[in-house]
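Worksheet: one structure, shown below.
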Amino acid sequence: MPTAFVTGIEGQDGSYLAELLLGKRYKVVGSVRPGAELSNLSGILGSIEMHQRDLDAPESLARLIADVSPDELYHLAAPSFVATQLHDEKSLLETIIVGVQVIMAVVAVHAPSCRVFLAGSSEMFGTVSTAPQDETTPMRPRAMYGVAKACAHQVLDYYRREHSLFACTGFLYNHESARRGDRFVTRKITRAAARISCGQQTELRLGDLNAGRDWGYAPDYVQAMWAMLQNDIAEDFVVATGQLHTVGEFADLAFARLGLDSRDYVVVDPAFVRPPEPVPLIGDASRIGHRLGWRPTRSFADIVNEMVERDLTLVHGTTKQE
């Protein structure tokens, strides 16, 4: 039975990945932040081995990885804050970049046959001149999170080249599900739509409704992660749908699912408006399709509807408790 180690196993991607791996008869070991919410894992808590580890103390995580000596390692954990101040940026860089270096170093010494997946982001590409983007697109990140992820990828690439490790990065574009965290705009929209439909909220304040994103389905994306580590060679891949949708479209679909018109409830708040992207971030996943046979399985509308139904269930549950 192969052993897989998953950092950030409590998150959207980590929980879906754990379920996928259990279905393939892996032993699954995961790390979670101290005090993390474990509701995403409620159905499999008795089937996985979990340890509390903080990304701010990567050496402790590294010792755990050395002890487990996994066959596959999926590094999905990310900081739980958005860097808005200089000291936050420093913490962000240290957590992401040093964290990857420590993990790769311990794998090189204690588990050199372990295959490593690093969760990258479309934000690594940042300011782009062409769309869609693929694996050859230059990285020009616009935010410190993208800078950190791009540097972490370079650290991984160094260990891949200089230590002959099987390690790869997935350039993951936005992906959603009913397990999406509350701090993301997609969940903000579906939760607000559900609350408004039940009379618990009167409006939803958003930024630029024309902001476009390439939104996929999280379970599809964890399937891509696993497929990348089953490949004959270590390769990096863009994982995306190749379709662009706007925040306004997302809101329209979410409210329409509940028989509402988003225009009656959505308010554009200048405080949430970010500078526009001259060229949108939209991914070209043709390479992973050709090499590994990966394809998205859910439509944009299906993803939105699933999220709305989940939030409606949660809102009804809250109303009954009250």
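Would you list the strands (runs of 3 or more DSSP E) that sit entirely within segment 1-92 and hold 3 or more residues that are touching a residue at least 24 places away in the same chain (Cβ under 8 Å)?
Answer list for segment 1-92: 3-7, 27-32, 72-75.
Just name the residue that is surrounded by the most Cβ atoms within 10 Å (Cβ to Cβ) out of those in segment 296-315 that are over 17 Å from GLU249 (Cα atoms) and in contact (Cβ under 8 Å) with a residue 24 or more places away in the chain. Even if it seems obvious, please write down each step before you answer.
Initially, segment 296-315 is screened for residues over 17 Å from GLU249 (Cα atoms), giving 296-297, 309-315.
Keeping just the survivors that are in contact (Cβ under 8 Å) with a residue 24 or more places away in the chain gives 296-297, 309-312, 314-315.
Numbers: PRO296: 21, THR297: 11, GLU309: 15, ARG310: 18, ASP311: 23, LEU312: 19, LEU314: 15, VAL315: 20.
The selected residue is ASP311.
What number of residues in segment 25-69 are farther than 21 Å from HIS110 by Cα, touching a strand residue (DSSP E or B) at 6+ places or on another chain (Cβ under 9 Å) and either aliphatic (A, V, I, L, M) or modelled with pLDDT of 95 or more (or both)?
Count: 7.
Any residue that is surrounded by fewer than 18 Cβ atoms within 10 Å (Cβ to Cβ), touching a Leu at 6+ places or on another chain (Cβ under 9 Å) and at pLDDT 95 or above - is there at least one of those in segment 252-259? Before the answer, list the steps.
Pass one, segment 252-259, residues surrounded by fewer than 18 Cβ atoms within 10 Å (Cβ to Cβ): 256, 258-259.
If we keep only those that are touching a Leu at 6+ places or on another chain (Cβ under 9 Å) as well, we get 258.
Checking which are at pLDDT 95 or above leaves us with 258.
Within segment 252-259 (the criterion being surrounded by fewer than 18 Cβ atoms within 10 Å (Cβ to Cβ), touching a Leu at 6+ places or on another chain (Cβ under 9 Å) and at pLDDT 95 or above), the answer is yes, since at least one residue qualifies.
Does VAL147 count as of a type in the set (A, V, I, L, M, F, W, C) and closer than 23 Å to PRO278 by Cβ?
Considered against the rule, which asks whether it is of a type in the set (A, V, I, L, M, F, W, C) and closer than 23 Å to PRO278 by Cβ, VAL147 comes out as yes.
Of all residues in segment 148-195, count the ones that are under 24 Å from VAL107 (Cα atoms) and either among the small types (Gly, Ala, Ser) or assigned to a helix (DSSP H, G or I) (or both).
18
Identify all residues within segment 260-285 that are surrounded by 19 or more Cβ atoms within 10 Å (Cβ to Cβ) and farther than 30 Å from GLU72 by Cβ; write none if there are none.
Correct list: SER262, VAL266.
Looking at HIS245, HIS290, which is the one that is within 27 Å of ARG140 (Cβ to Cβ) and free of Cβ contacts under 8 Å to residues at least 12 places away in the same chain?
Numbers: HIS245 fails: free of Cβ contacts under 8 Å to residues at least 12 places away in the same chain.
Matching residue, one of HIS245, HIS290: HIS290.
Report every pair of residues separated by at least 6 positions or lying on different chains whose Cβ atoms are under 7 Å apart, first residue within segment 170-197 and surrounded by fewer than 20 Cβ atoms within 10 Å (Cβ to Cβ), second aromatic (Phe, Trp, Tyr).
Listed pairs, sorted by first residue: none to list.
With respect to ARG187, determine if the residue is in the same structural domain as GLU72 (by TED's automatic domain parsing) and charged (D, E, K, R).
Here the answer is no, as ARG187 does not meet what is asked.
Which one of these does MET228 not meet: (1) part of a helix (DSSP H, G or I); (2) touching a residue at least 24 places away in the same chain (Cβ under 8 Å); (3) farther than 28 Å from LEU17 by Cβ; (4) aliphatic (A, V, I, L, M)?
It fails just one condition, (3).
For segment 102-150, give me the residue count where each residue is surrounded by fewer than 16 Cβ atoms within 10 Å (Cβ to Cβ) and within 19 Å of TRP215 (Cβ to Cβ).
Counting residues in segment 102-150 that are surrounded by fewer than 16 Cβ atoms within 10 Å (Cβ to Cβ) and within 19 Å of TRP215 (Cβ to Cβ) gives 0.
The values are calculated or read from the model by the stated rules, or taken from the named source; none is laboratory data. A quick note: this is a predicted structure, and the numbers were derived from the prediction, not measured. Note that we place each Cβ from the backbone using ideal geometry, even for glycine, and neighbour counts take in every protein chain shown.
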